[in-house]
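Since the structure comes first, as structure tokens, the remarks are kept for the end.
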Amino acid sequence: MQTIIPDISKQIYKEELLNVLEGKYSTLGPLWVNYQMEWMNGIYSAFKDHDKFLIIIFLLKKTLDFYSRSFVRLNYEQFYKKDRVEIGKFNISEISTELNIPKESARRKINELEALGVIKKIKKRIIIDRSSFRHIKPENTIKRTARFLATLSSLCVEQKIIRNKLTSSNLEIIIKDNFSYMWKIYYEMQIPMLLKYKKIFNDLEAFHIFGSCVVNQHLNIEQKNEFKTSREDYIKSMLSQKIQGINAMSISDITAIPRATVIRKLKKLIAKDRLAIDEKKHYRLTGNLVHTLKPTQKVVLEQLANFSTKVFNFAIL
């Protein structure tokens with residue numbers, strides 16, 4: 001059988017995609033933020049606890065890393081053929097350090113996951129039982145990821161970075177056919193993103209609530225923005241316009257975070273000048289935190305560009 005050698009001259013570089021993400025932010029930014037918050041809604045609904053899901057995907061990534069090192073590549077159906085996934089040994093200190101969770105909290109959450117039957121110890125094997133939580137298959141996440149990458153590819157065609165647009169249906173097939181590798185690099189993007197925002201907001205619930213306010217402003221400005229503008233110009237436009245905020249009840253409905261928790265976190269976000277409240281009790285962004293977040297957002301876009309580059313090169317070469 002003849003070996004097909006990739007044409008190296010056709011490869012895409014992270015810097016090229018980062019320039020597109022930065023320069024066409026008004027098109028890509030709102031799309032990505034909306035998809036990211038939909039993903040956050042999904043991970044919270046699994047256990048009503050962000051950190052528990054973070055622990056699960058951290059452990060699953062260790063298994064995906066093992067598959068990759070062993071040159072094992074499973075497609076979507078193969079990976080989900082069984083509910084049980086064997087994971088490598090772990091300890092509380094590792095989880096506490098890697099995920100920025102206090103040691104006693106990490107221990108408690110692991111114990112709770114064991115009580116729920118999500119993590120099981122069978123003889124010398126450690127198992128994650130996916131049948132114990134609702135969101136077993138990431139069907140919607142794959143579709144959203146494919147749609148985002150398809151939009152990015154269209155802009156890359158405009159910039160003459162790639163020759164032909166990648167459709168969302170083709171990208172979905174590529175992701176599913178190479179699922180164990182694609183989800184390894186997806187988690188390599190998502191886990192550091194969550195940890196960066198967790199450090200800024202102190203917990204993921206506060207970030208989740210803040211992110212819902214961001215999505216609301218993106219959706220409102222989206223209708224008024226006719227041009228493909230850069231991140232800098234888009235943020236200036238978003239902050240300069242008087243955009244209607246979102247109330248606590250709507251945030252609770254969208255995120256599934258209890259209303260009492262939402263209100264408590266909103267008060268803290270206001271006290272730290274991260275959100276503002278108007279006379280109608282609608283919450284919106286303040287320029288203070290948006291500008292503070294810009295360096296972190298830059299890193300996040302680099303991680304998104306790195307993930308997108310790997311998927312595109314896999315699809316094209």
Can you name the residue in segment 172-225 that is among the acidic types (Asp, Glu) and assigned to a helix (DSSP H, G or I) and is also farthest from residue 52 (Cα to Cα) among such residues?
222
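For segment 158-210, how many residues are of a type in the set (Lys, Arg) and open to solvent by 60 Å² or more (accessible area, probe 1.4 Å)? Talk me through it step by step, then tell me what you get.
Of all residues in segment 158-210, those of a type in the set (Lys, Arg) come to 160, 163, 165, 176, 184, 196, 198-199.
Next, from what is left, pick out any that are open to solvent by 60 Å² or more (accessible area, probe 1.4 Å): 160, 163, 165, 196, 199.
Looking only at that region, the number is 5.
Sort out for me the helices (runs of 4 or more DSSP H) sitting completely within segment 228-290 that have 2 or more residues that are within 30 Å of residue 151 (Cβ to Cβ) and at pLDDT 90 or above. Even if it seems obvious, please write down each step before you answer.
Numbers: elements: 231-240, 248-255, 259-271.
Output list reads 248-255.
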Verdict on residue 62 being under 21 Å from residue 138 (Cα atoms), outside any helix (DSSP H, G or I) and free of Cβ contacts under 8 Å to residues at least 60 places away in the same chain
no
Within segment 115-142, residues being within 14 Å of residue 47 (Cβ to Cβ) and either touching a strand residue (DSSP E or B) at 6+ places or on another chain (Cβ under 7 Å) or loosely packed, with under 12 Cβ neighbours inside 10 Å (or both) number 8
Can you pull out the residues in segment 41-90 that are more than 17 Å from residue 195 (Cα to Cα) and among the hydrophobic types (A, V, I, L, M, F, W, C)?
46, 47, 64, 66, 71, 72, 74, 79, 85, 87, 90
Scan segment 54-93 residue by residue and report those that are exposed (fewer than 12 other Cβ atoms within 10 Å of the Cβ), closer than 28 Å to residue 208 by Cα and among the hydroxyl-bearing types (Ser, Thr, Tyr).
93
Examine segment 290-298 for a residue that is more than 15 Å from residue 201 (Cα to Cα) and either in contact (Cβ under 8 Å) with a residue 24 or more places away in the chain or surrounded by 20 or more Cβ atoms within 10 Å (Cβ to Cβ) (or both), and state whether such a residue exists.
no
Among the residues of segment 132-167, write down those that are over 20 Å from residue 18 (Cα atoms) and aromatic (Phe, Trp, Tyr).
133
Which listed residue is of a type in the set (S, T, N, Q), open to solvent by less than 30 Å² (accessible area, probe 1.4 Å), over 24 Å from residue 305 (Cα atoms) and touching a residue at least 60 places away in the same chain (Cβ under 8 Å), from 96, 45
45
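Right, residue 12: assigned to a loop (DSSP other than H, G, I, E, B) and of a type outside the set (Phe, Trp, Tyr) or not?
Values: assigned to a loop (DSSP other than H, G, I, E, B): yes; of a type outside the set (Phe, Trp, Tyr): yes.
Against the criterion (assigned to a loop (DSSP other than H, G, I, E, B) and of a type outside the set (Phe, Trp, Tyr)), residue 12 qualifies.
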Under 8 Å between Cβ atoms, which residue pairs at least 6 apart in sequence (or on different chains) link something in segment 16-30 that is modelled with pLDDT under 95 with a partner that is surrounded by 21 or more Cβ atoms within 10 Å (Cβ to Cβ) and not in a helix (DSSP H, G or I)?
none
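The values are calculated or read from the model by the stated rules, or taken from the named source; none is laboratory data. For clarity, every value in this text was computed on a predicted model and none was experimentally measured. Note that each Cβ is placed from the backbone with ideal geometry, even for glycine, and that neighbours are counted across all protein chains shown. The protein model used for the area step is the full one, side chains on, heavy atoms only, and it has no ligands, DNA or RNA in it. Shrake-Rupley method; radii C 1.70, N 1.55, O 1.52, S 1.80 Å.
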